[in-house]
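Chemist: Have a look at this one before I ask anything.
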Amino acid sequence: MSYIEIKNVSKSYKDKKVLENISLKIDKGKFISFIGSYGSGKTTLLKMISGLEKIDEGQILINGFSPEKLKEKLKMGFVFQDPMLLPWRNVIDNITLPSEIDGEKITEEAKKLLKLVDLESKEKCYPKELSGGMQRIVSILRASIMKPSVLLLDEPLSSIDEINRDDLHEKLIKIHEKNKQTTLLVTHSIHEAVYLSDEIYVLGGSPTRILKKIMPKKPRRIENKFSSNTMIEVAEIREELRKAVNNI
């Protein structure tokens, strides 16, 4: 049985169908990316998986539970495009916030996570003292502190320059490998999706549906990041998106 099952899910806004008949199965511990043009419903799908958005038709099950039930158990971590760090709390206190809400501040675990991504020297800094990339990694650590079984990432690196984004990819990989959580990423970067993901779902059409599933060869290996095979896979996905945008 797959860990996440999405069965014939559809979503409409004001009588306009945005997503239609989305069905897929995801195994535990996989890194999955959703990619598509702007307005294709990627974030809406992610929010339905998280329980933040209601499903109109169909069903989503995570380890046999509804997203709402998993969210209640603090087994769901969600990272938005904006880091949304509390400016009056330092790094360590921002990361431990979910554990405080649950009744026990787990500072040592937060320190371990900071060390994992080489940010232990920043634990007493406030958000305004951090670069944009650091703020985003801190927001990912905050979402990971309670060791959720599912981590949902809504374009967390979208506004980061390419050089810093490369570094953040490696930090994200370290977090994924340490916690072994099922990670779902929404991104507009085809190369990012190919490098990080075990599986990529290309979304497109009107209403949006799954156009194609792609399984990159040997993901998350730095030596393959700019290999010819990776570039071929990037070109393949770009062509699928071009067809979707032009209704080919």
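Rule-based calculations on the coordinates, nothing more; no lab input. Bear in mind that the values here come from a model prediction, so they are computed numbers and not experimental data. Quick reminder, even Gly has a Cβ in these numbers, built from the backbone with ideal geometry, and neighbours come from all protein chains shown.
Chemist: Explain nothing, just compute: Karplus ³J(HN,Hα) = 6.51 cos²θ - 1.76 cosθ + 1.60, θ = phi - 60°, for every residue of the range 147-159 in order, whole Hz, x for Gly and Pro.
Modeler: Values, residue by residue: 6, x, 6, 10, 10, 10, 10, 9, 6, x, 10, 5, 9 Hz.
Chemist: What is the extension gain from Lys128 to Ser206, computed as 0.36 nm multiplied by their sequence separation minus the C-alpha to C-alpha distance, in nm to one decimal?
Modeler: 24.0 nm
Chemist: Please work out the Cα center distance from the range 120-175 to the range 1-43, rounded to the nearest Å.
Modeler: 24
Chemist: To the nearest 20 Debye, how big is the dipole of the range 140-233 about its Cα centre, given +1 on the beta carbon of each Lys and Arg and -1 on that of each Asp and Glu?
Modeler: Dipole of the range 140-233, to the nearest 20 debye: 440 debye.
Chemist: Report, for the chain, the % of DSSP beta bridges that are antiparallel, rounded to 5.
Modeler: Percentage antiparallel, nearest 5: 45.
Chemist: So what's the convex hull volume per residue for the Cα atoms of the range 63-203, in Å³?
Modeler: Given the Cα convex hull of the range 63-203, per-residue volume reads 116 Å³.
Chemist: What value, in deg cm²/dmol to 500, does the helix sum -39500 (n - 2.57) over DSSP H runs of n ≥ 4 give at 222 nm once divided by the residues of the chain?
Modeler: The helix-only estimate for the chain comes to -11000 deg cm²/dmol at 222 nm.
Chemist: Explain nothing, just the number: relative contact order of the range 179-228, from Cα pairs under 8 Å at least 6 residues apart, as a whole percent.
Modeler: Worked out over the range 179-228, it gives 30 percent.
Chemist: Sticking with this structure for a sec: Given springs between every Cα pair under 10 Å in a Gaussian network model of the chain, which of Ala193, Ala143, Ala235 has the largest fluctuation?
Modeler: Ala235
Chemist: Which three extents, in angstrom, do the Cα atoms of the chain have along their principal axes, listed largest first?
Modeler: 53, 42, 34
Chemist: Another question, if that's okay. Give me the extension gain from Ala235 to Asp167: residue separation times 0.36 nm, minus the current Cα-Cα distance, reported in nm with one decimal.
Modeler: Full extension from Ala235 to Asp167 adds 22.2 nm.
Chemist: Something else: Among the aspartates and glutamates, which fall within straight-line cross-link reach of Lys115, defined as a Cα-Cα distance under 20 Å, with same-chain neighbours fewer than 8 residues apart omitted?
Modeler: Asp93, Glu123, Glu129, Asp166, Asp167, Glu170, Glu177
Chemist: Relative contact order of the range 39-128, please, whole-number percent, based on alpha carbon pairs below 8 angstrom and at least 6 residues apart.
Modeler: 23
Chemist: How high is the relative contact order of the chain, in percent, with contacts defined as C-alpha pairs under 8 Å that are six or more residues apart?
Modeler: In percent, rounded to a whole number, it is 25.
Chemist: Kindly state, as a whole number, the per residue volume in cubic angstrom of the convex hull around the alpha carbon atoms of the range 35-101.
Modeler: So the per-residue hull volume is 128 Å³.
Chemist: For Lys213, Lys105, what's the fewest-to-most ordering of other Cβ within 10 Å of each Cβ?
Modeler: Lys213, Lys105
Chemist: Semi-axes, largest first, in whole Å: what does sqrt of 5 times each Cα gyration tensor eigenvalue give for the range 1-131?
Modeler: 33, 18, 14
Chemist: Another question, then. For the range 1-57, what is the Kirkwood estimate of the hydrodynamic radius, computed as the reciprocal of the mean inverse distance between distinct Cα atoms, to one decimal in Å?
Modeler: 12.1
Chemist: Continuing with this model, one more query. Just to confirm the number: angle between the C-alpha axis of helix 132-144 and the first principal axis of the chain, 0 to 90 degrees, nearest 10?
Modeler: Here the helix axis deviates by roughly 90 degrees.
Chemist: Taking a cut-off of 16 Å between Cα atoms, list the lysines near Lys111, but don't count ones fewer than 8 places away on the same chain.
Modeler: Lys122, Lys124, Lys147, Lys171, Lys174, Lys178
Chemist: Now a separate question. Based on the alpha carbon coordinates of the range 93-161, what radius of gyration and maximum Cα-Cα distance (Dmax) apply, in Å?
Modeler: 12.0, 38
Chemist: Helix 228-245 versus the longest principal axis of the chain: what is the Cα-based angle in degrees, 0 to 90, to the nearest 10?
Modeler: Taking Cα atoms only, the helix is inclined about 60 degrees.
Chemist: What do you get for the angle between helix 107-116 and the principal long axis of the chain? Use alpha-carbon atoms, 0 to 90 degrees, nearest ten.
Modeler: 60
Chemist: Follow-up. Sort Thr182, Thr107 by Cβ crowding within 10 Å, fewest neighbours at the top.
Modeler: Thr107, Thr182
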